[in-house]
Amino acid sequence: MALNRRSFLTFAAGGVAGTLFTPVIWKSIDDTAIWTQNWPWIPRLEYGPRAYAATTCKLCPAGCGLNIRTAGGRPVAAEGRTDHPLSQGGICPLGAAAVQLLYAPARIKGPMQKQADGTHQPISWDQAEALLKEKLAEQKGKKDAVVCVSGDENGTINELFSALLGGLGSDGCFLMPGEQLVASKVLREGNIGYDFENADFILAFGADLLDSWGTAVRNKKAYGAAHPVGEDASAEYVYVGPTQNVTGGAADQWISVAPGMEGVLALGIAYHLLQGGMTAPQAHDFFAYRNFVINRYTPEYVERLTGVAPEQVAELARKLRAADKPLVIPGSSIAQGGGVFNFAAALSLNMLFDNVNSVGGIQVLPDLPKVVEGAKAPALVRAKDLVAYVQGVAEGKVSKPGVYLVYEANPLFALPQPDVAAKAFDGAYLVSFSTFYDETAAQADLLLPTPTFIERLDDVQTPYGSGFASYSLTRPVIRQPIFDTKPTGDVLLSVAKALDIDLGYDSFDKVLEAKVAALSELEGFFTDKVQPWEARAGKAPAAASGNLWRNISRGSFWASIQEPFPTAMQLGSTIISQTAPPDAEDWTFPVSLAAMDSRTYGSRHIAIPPFCLPLLGEQEIQGDVFYVWMNSATARAYGLQAEDKVKLTGPNGSCLAKVRIFEGVGRNMVAAPLGFGHTAWDKFSRNKGDNIYKVLTVRTEPGSNLAVWADSRVRIAKA
Amino acid sequence: MEEKKGGTSAGGVVLPFLLGFVAALAFGWWGVPQLLYSKKTQPLVFTHQNHIELYGMSCDDCHSFRRDGSFSGLPGNAKCGECHSFPLGDHPDEIKFVEEYYEKGIEVPWLVYQYQPDNVFFSHAAHREYDCATAGCHPDVGSSNELPVYYENRLTKYSRDTMKMKDCERCHATVAAQEPERFAGAPNACQICHK
Ligand code: SF4
């Protein structure tokens, strides 16, 4: 057989035919398909043993215990800890997103410095610290030239900030505003705690217990325990607030009162109690209080200001009296920006029932011992009014500091009238310690990113709203930090050393160890067998023993129900009468703005995580436009219908939204969510809706001189 | 002339065709697998047989379920180290295990014959009542003295022994048909296995 063209072609034809009887073609197609599953850019699972690591959440001040589930040492999910009194197996949407936030594109990957063209360029930690040292050295000795804004309400890190500032000659250590600030105006020492678990009638004024106020997850657990499925409730919950938010919806009764008017209703109830013969002999100012309330807060007056019918007020007073252990919670519906009047008025009801430091009542909790020499007492830091200060600087009444240090806070987004904050910050050297590229970081001259709480050691002391003093630690549960971050405590210590300011420690870990060691000064116990509320009700806990640090750093929760000092409380008649709201109507801005907060929308310093976006309904945001809610009567009065575009205008700012009709908003009010309208962060959280903080307007409360904005008012018009 | 030409071509066509056909068969059935798979050997010699027959161990001793029900898969150094924290005997691989892996804290990079692809859920716990080897999922290494050669597909990087979807489906279909009540949860709906 000669090899000619023909035989070659037949050979090839045979080859082709033969191939059809082999798996080559099918196998190649199959393998090619499988190969496409292995492209390197396709996400891979990591395998390895699964484990849980117990830690504490720092995404908001509630201090829940979290279990971080890991696979092969890599965090994959966050769950609520069942053994932790502040979470009891529960978690909020933001906490559930904790692991995802670790990998968020908005994370700052390392220290950066702002360039002349406004962009941020990476620098080394050594350069960054040298720069910070240089900027602080320039201000050393000048009075109040360095200001710190901390968004961490309850961490020991604030002691380091305050001591460092002290060493530089400054007294400017501020916390972001919250209920703590108002509470501190009423109570000069210690914290206020609320013993929900042992109360049988809970009347919350403003405080959105089940979503965004205080120890939210623990509050939900207490509510759940009091409302067993298929059985009678063991405690009644009444919510007084502008909107039927989560708390208003779950409560046995919701009473709508415009923001800022909660205290009027509280005193309206006091009127009935006093008329009914209740006294408070333990309070020195009882008679002044009695006269003031009975003369001014008559049923007619209260109805005119709040719109609540006199019978309803009388009925509330009757229910409170009938309860065994009534507990009244003061607060504002956004847990910030409320005034002393509302707070003190609601608090005074507790004193009429003599339930201060009693089971099921309000508790005065001690501050945990301070461990950093030179730091200011926490009560003094809590009492400083950041918003009033910022307004003062912007108006030129207070001299502008040279350097701002901003830690876990986003003042250029989350202070009322953020443009005023921007003015107060403009021209000063701005240092951000934020983990994420938030609005403040975007403006900062120097970025010194701190690791997330999943990557660092940190602590939580008695969160506001807790019924007991407590301490727990956050610890690194990841093999190594994901980015080139450095715990802010360590940065502060090393910079202080370079400035010759002795803060007494080499590392932040040592500060925390000292804190734990100092806990032995108080009577405390681990909540493994007995919960703090059980202890308060009489069950004896075993005193904490063994190696405290070893236990707490592995996740044990330390609690104390010790009272700080005998409290001789006053009903606050003076402050209540001085801060009482004027009863004149405001016709320029006739509608009350009821801002709403929820952990679904992130927290004060965290934008909505992508994980939570699917939780937002079509009635909350569509495309880039978000909704404000009003009831049908209000909408009709302004010629609005569902889905109409509307403009809210306050004295200082305005925003655009669509209308959602919801009857769970009181009359002549418009409800709007906080936490939308971010301009920094990542593509997931940016440019969604508008920032309601722009529309919230600061006023000064007469009598207390406190900056308040929870009771802002607006004009609404079709846009 | 034309006829002759045709005659020659008939005989001349069959042979090249057959040659081509056979060559293709040989290439397809024998050559391609040789080319497609690289052969790898396990990092250490390991005999299941000795562990079972000489030391009376059972599969569960090393391939156990954890308390949370998840399957621990291959034992790690800690498990092996319970007996082999120092060389037992003088086999070079025994010494290598202790010196190169155990003491240095490096896990042995065993080659796994079949990982499930990333796009399926697979729980060993749900399948524990099937004998690993006889159900046809794993090669029967339990009584072997040597670990089989590991064939890695050069294209896909998968092990040649990776289970095919049809194997899962076949078992699910038969088992679910045999005892529909007991295995109500094991039909072949996509979401039963796929993420
Ligand atoms: S309520 Fe706050 S502390 Fe608790 S899980 Fe949510 S974000 Fe974390």
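The values are calculated or read from the model by the stated rules, or taken from the named source; none is laboratory data. Treat the numbers as computed from the prediction; the structure is a model and nothing was measured. Cβ atoms come from the backbone with ideal geometry, glycine included; neighbour counts cover every protein chain shown. Please note that ligands, DNA and RNA were not included when accessible areas were found on the heavy atoms of the full protein model with its side chains. Shrake-Rupley method; radii C 1.70, N 1.55, O 1.52, S 1.80 Å.
Only one residue in A:Gln100, A:Gln113 is more than 14 Å from every other protein chain (Cβ to nearest Cβ), open to solvent by 30 Å² or more (accessible area, probe 1.4 Å), under 30 Å from A:Leu132 (Cα atoms) and not in a loop (DSSP other than H, G, I, E, B). Which one?
A:Gln113
State whether the residues of segment A:67-76 include one that is within 14 Å of another protein chain (Cβ to nearest Cβ) and within 16 Å of the ligand (Cβ to nearest atom).
Checked segment A:67-76: at least one residue is within 14 Å of another protein chain (Cβ to nearest Cβ) and within 16 Å of the ligand (Cβ to nearest atom).
If we scan segment A:668-685, do we find a residue that is in contact with a Pro (Cβ under 9 Å, 6 or more places away or on another chain), at pLDDT 95 or above and either under 22 Å from A:Thr247 (Cα atoms) or surrounded by fewer than 22 Cβ atoms within 10 Å (Cβ to Cβ) (or both)?
yes
Return the only residue of A:Ala266, A:Ala270, A:Ala283 being part of a loop (DSSP other than H, G, I, E, B) and either closer than 30 Å to A:Ser577 by Cα or at pLDDT below 95 (or both).
On inspection, the qualifying residue turns out to be A:Ala283.
Return the pair list, or none, for Cβ contacts closer than 7 Å from residues in segment B:14-29 that are facing chain A (nearest Cβ under 7 Å) to residues that are of a type outside the set (Lys, Arg) and open to solvent by 90 Å² or more (accessible area, probe 1.4 Å), at least 6 apart or on different chains.
Pairs that qualify, where the first residue is facing chain A (nearest Cβ under 7 Å) and the partner is of a type outside the set (Lys, Arg) and open to solvent by 90 Å² or more (accessible area, probe 1.4 Å), are B:Leu15/A:Met1; B:Pro16/A:Met1; B:Leu25/A:Phe21.
Tell me, which residue of segment A:171-189 that is at pLDDT below 95 and under 22 Å from A:Glu373 (Cβ atoms) is least open to solvent (accessible area, probe 1.4 Å)?
If we take residues in segment A:171-189 being at pLDDT below 95 and under 22 Å from A:Glu373 (Cβ atoms), then A:Gly172 is least open to solvent (accessible area, probe 1.4 Å).
Which members of segment A:532-585 meet the condition of being over 19 Å from A:Val460 (Cβ atoms), open to solvent by 30 Å² or more (accessible area, probe 1.4 Å), out of contact with any Pro (no Cβ under 9 Å at 6 or more places or on another chain) and in a helix (DSSP H, G or I)?
A:Arg536, A:Thr574, A:Ile575, A:Ser577 - these are the residues of segment A:532-585 that are over 19 Å from A:Val460 (Cβ atoms), open to solvent by 30 Å² or more (accessible area, probe 1.4 Å), out of contact with any Pro (no Cβ under 9 Å at 6 or more places or on another chain) and in a helix (DSSP H, G or I).
Before we move on, is A:Ile42 open to solvent by less than 100 Å² (accessible area, probe 1.4 Å), within 53 Å of the chain's Cα centre (by Cα) and within 7 Å of another protein chain (Cβ to nearest Cβ)?
Judged against the criteria, A:Ile42 is not a match.
Quick check on segment A:80-89: of everything there that is near the ligand (Cβ under 8 Å from one of its atoms) and open to solvent by less than 10 Å² (accessible area, probe 1.4 Å), which residue is farthest from the other protein chains (Cβ to nearest Cβ)?
Among those that are near the ligand (Cβ under 8 Å from one of its atoms) and open to solvent by less than 10 Å² (accessible area, probe 1.4 Å), it is A:Leu86.
Among what's in segment A:102-127 and is under 20 Å from A:Arg686 (Cβ atoms) and in contact with a Lys or Arg (Cβ under 8 Å, 6 or more places away or on another chain), pick the residue that is farthest from the ligand (Cβ to nearest atom).
A:His120
Of the residues A:Tyr239, A:Tyr223, only one is within 16 Å of the ligand (Cβ to nearest atom) and either among the charged types (D, E, K, R) or in contact (Cβ under 8 Å) with a residue 12 or more places away in the chain (or both); which?
A:Tyr223
For the list (1) within 23 Å of the chain's Cα centre (by Cα); (2) of a type in the set (A, V, I, L, M); (3) farther than 19 Å from A:Lys325 by Cα, I need the number of the one condition that A:Ala251 fails.
In the conditions (1) within 23 Å of the chain's Cα centre (by Cα); (2) of a type in the set (A, V, I, L, M); (3) farther than 19 Å from A:Lys325 by Cα, A:Ala251 misses (3) alone.
Taking B:Cys59 and the conditions (1) free of Cβ contacts under 8 Å to residues at least 40 places away in the same chain; (2) within 26 Å of A:Gly72 (Cα to Cα), which numbered condition does it fall short on, given that it satisfies the others?
(1)
Of the residues B:Lys96, B:Lys79, B:Lys104, which is within 14 Å of chain A (Cβ to nearest Cβ), basic (Lys, Arg) and over 26 Å from B:Ala184 (Cα atoms)?
That would be B:Lys79, the only listed residue that is within 14 Å of chain A (Cβ to nearest Cβ), basic (Lys, Arg) and over 26 Å from B:Ala184 (Cα atoms).
Go through (1) open to solvent by 60 Å² or more (accessible area, probe 1.4 Å); (2) aliphatic (A, V, I, L, M); (3) within 14 Å of chain A (Cβ to nearest Cβ) and name the single condition B:Leu54 misses.
Failing condition for B:Leu54: (3).
Checking A:Asn154 against (1) within 16 Å of the ligand (Cβ to nearest atom); (2) loosely packed, with under 14 Cβ neighbours inside 10 Å: exactly one of these is not met. Which one?
Every listed condition holds for A:Asn154 apart from (2).
Restricting attention to segment B:23-40, which residues are open to solvent by 50 Å² or more (accessible area, probe 1.4 Å) and not in a helix (DSSP H, G or I)?
Those that are open to solvent by 50 Å² or more (accessible area, probe 1.4 Å) and not in a helix (DSSP H, G or I): B:Lys39, B:Lys40.
Starting from segment A:120-135, keep only residues that are loosely packed, with under 14 Cβ neighbours inside 10 Å, then list their pairs with residues that are of a type in the set (Lys, Arg) whose Cβ atoms are within a distance under 7 Å, requiring at least 6 positions of separation or different chains.
Short answer, once both residue conditions are applied: none.
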